[in-house]
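All remarks here apply to the structure that follows.
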Amino acid sequence: MYQFFSFIKKEIYHITRDFRTMLMLLIMPIALLMIFGFAITTEIKNASFIVLDNSKTIQSIQLIEQINASKYFDLTGYFNKLEEVEQRFRLGEAKLAVVIPHGFDKDLYHQGSSEVQLIVDASDPNEASTIVSYIQTIIAEYQKQQINKASPGSYIIKSQVKMLYNPQLKSAYNFVPGIMGLVLMLICSMMTSISIVKEQEQGTMEILLVSPLKPISIVLAKVVPYFLISIIDVFSILIISITVLEVPIEGNLFLLLFLCTIFILSTLSLGILISSITETQQSAMLISGMGLLLPTLLLSGLIFPVENMPILLRVISTILPATWFITALKDVMIKGIGFGAIWQECLILIGMTLFLLVVSIKMFKNRL
């Protein structure tokens, strides 16, 4: 029995002596509970909507005010031309547009029916479906109020829905950019960190360090193969998405590859950084998996809209390179917009890459 408890004591010692691993094991359950509790929601809150009101009557104004009064939508602007409305969608500044036709009030009161066009950003099909459901419920409530106010008769307000960028509401339109970010994060950060830590754990890093090559050259030699593998994976995902999933590339292919290259470099830098603060492959895998992959999956906008999360989780999401990458990739791949609309995301990714690269190399040098 004494030997049994001695083995238990030894295992506890092995677990607790690695402070970083112990911290991850204790903190991650709490963090995951908070993330799942607040991030996982299909409810839409304060979705930005814009208005093209060709009627400009009391009835149209009342309808717009009723939509804006709900907790689901937030009015961000009025526009006079359909081209201006489409431009707002391309810039990602609107999730919904309500287009009210000329003679909205006359058709409603004289013919008993009128029509409202709803234009929805369907690059995220789940979010688009929820938005349509909410807005149609609000319109139905407005219609009921008009019936109660009026003399005997019935009013019908029809909704003509136009889904932008993804008319068939294919989920692949949303998941292909997200999966690309997830795969690149997995290959670059996790595999790079494990590969470098493995050399240190097995004692072969010291052998490499006595070679004529500089330490930084050795590290770069370790990450270059993963860079090449990541580029191959990017082309594989794009080919499969076009041929099998029928997800088109609406934007410039070279701009898309430029985005992927920046993101790959940033995640490779993360991998080097993780390897410089961990001593075992287990720790590197735990930090890469729990500290990077899960937040990327839940907080980058891959599954749940970032704008619906609490402010703390939104702040955390801005720290993740995948958040900016997935947003920009959707804009280029699905919406077909150019560099002028995503230059901020590109600049942020470049800044993150340079910062992570400098910090990771400096920490790695100090460790050596």
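Give the number of residues within region 114-151 that are modelled with pLDDT of 80 or more, small (Gly, Ala, Ser) and in contact with a helix residue (DSSP H, G or I) (Cβ under 9 Å, 6 or more places away or on another chain).
3
Which of the strands (runs of 3 or more DSSP E) contained wholly in region 78-178 include at least 1 residues that are over 33 Å from the mean Cα position of the chain (by Cα) and farther than 22 Å from Leu302 by Cα?
Correct list: 113-121, 156-164.
May I ask you to verify whether Leu245 is closer than 30 Å to Arg88 by Cα, outside any helix (DSSP H, G or I) and not polar (S, T, N, Q)?
Working: closer than 30 Å to Arg88 by Cα: yes; outside any helix (DSSP H, G or I): yes; not polar (S, T, N, Q): yes.
Taking the combined requirement at face value, the residue satisfies it.
Each row is one residue, and each column tells you yes or no for (1) closer than 27 Å to Pro29 by Cβ; (2) more than 16 Å from the chain's Cα centre (by Cα); (3) charged (D, E, K, R); (4) assigned to a helix (DSSP H, G or I).
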| site | (1), (2), (3), (4) |
| --- | --- |
| Lys222 | no, yes, yes, yes |
| Pro225 | no, yes, no, yes |
| Asp233 | no, yes, yes, yes |
| Phe258 | no, yes, no, yes |
| Ile287 | yes, yes, no, yes |
| Leu293 | yes, no, no, yes |
| Ile303 | yes, no, no, no |
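Check Ile216, Ile232 and return the single one that is in contact (Cβ under 8 Å) with a residue 60 or more places away in the chain, of a type in the set (Val, Ile, Thr) and surrounded by fewer than 15 Cβ atoms within 10 Å (Cβ to Cβ). Steps first, please.
Working: Ile232 fails: in contact (Cβ under 8 Å) with a residue 60 or more places away in the chain.
Matching residue, one of Ile216, Ile232: Ile216.
Quick one: which residue in Met290, Met285, Met333 is in contact (Cβ under 8 Å) with a residue 12 or more places away in the chain and surrounded by 22 or more Cβ atoms within 10 Å (Cβ to Cβ)?
Numbers: Met290 fails: surrounded by 22 or more Cβ atoms within 10 Å (Cβ to Cβ); Met285 fails: surrounded by 22 or more Cβ atoms within 10 Å (Cβ to Cβ).
Selected residue: Met333, the only one of Met290, Met285, Met333 that is in contact (Cβ under 8 Å) with a residue 12 or more places away in the chain and surrounded by 22 or more Cβ atoms within 10 Å (Cβ to Cβ).
Considering only region 307-339, state which residues are in a helix (DSSP H, G or I) and farther than 19 Å from Leu182 by Cα. Walk me through how you get there before you give the answer.
Taking region 307-339 first, the residues in a helix (DSSP H, G or I) are 307-308, 311-319, 321-335, 339.
Glu307, Asn308, Ile311, Leu312, Val315, Lys335, Phe339 - these are the residues of region 307-339 that are in a helix (DSSP H, G or I) and farther than 19 Å from Leu182 by Cα.
Identify, from the list Ser154, Ser171, the residue that is at pLDDT below 85 and either surrounded by 22 or more Cβ atoms within 10 Å (Cβ to Cβ) or under 30 Å from Ser60 (Cα atoms) (or both).
On the way: Ser171 fails: either surrounded by 22 or more Cβ atoms within 10 Å (Cβ to Cβ) or under 30 Å from Ser60 (Cα atoms) (or both).
Going through Ser154, Ser171 in turn, the sole match is Ser154.
Within region 9-21, is there a residue that is surrounded by 13 or more Cβ atoms within 10 Å (Cβ to Cβ), out of contact with any His (no Cβ under 9 Å at 6 or more places or on another chain), modelled with pLDDT under 90 and of a type outside the set (S, T, N, Q)?
Within region 9-21, one or more residues are surrounded by 13 or more Cβ atoms within 10 Å (Cβ to Cβ), out of contact with any His (no Cβ under 9 Å at 6 or more places or on another chain), modelled with pLDDT under 90 and of a type outside the set (S, T, N, Q).
The values are calculated or read from the model by the stated rules, or taken from the named source; none is laboratory data. Not measured: the values here are computed from a predicted model. When we count neighbours, we look across all protein chains shown, and the Cβ atoms used for this are built from the backbone with ideal geometry, even at glycine.
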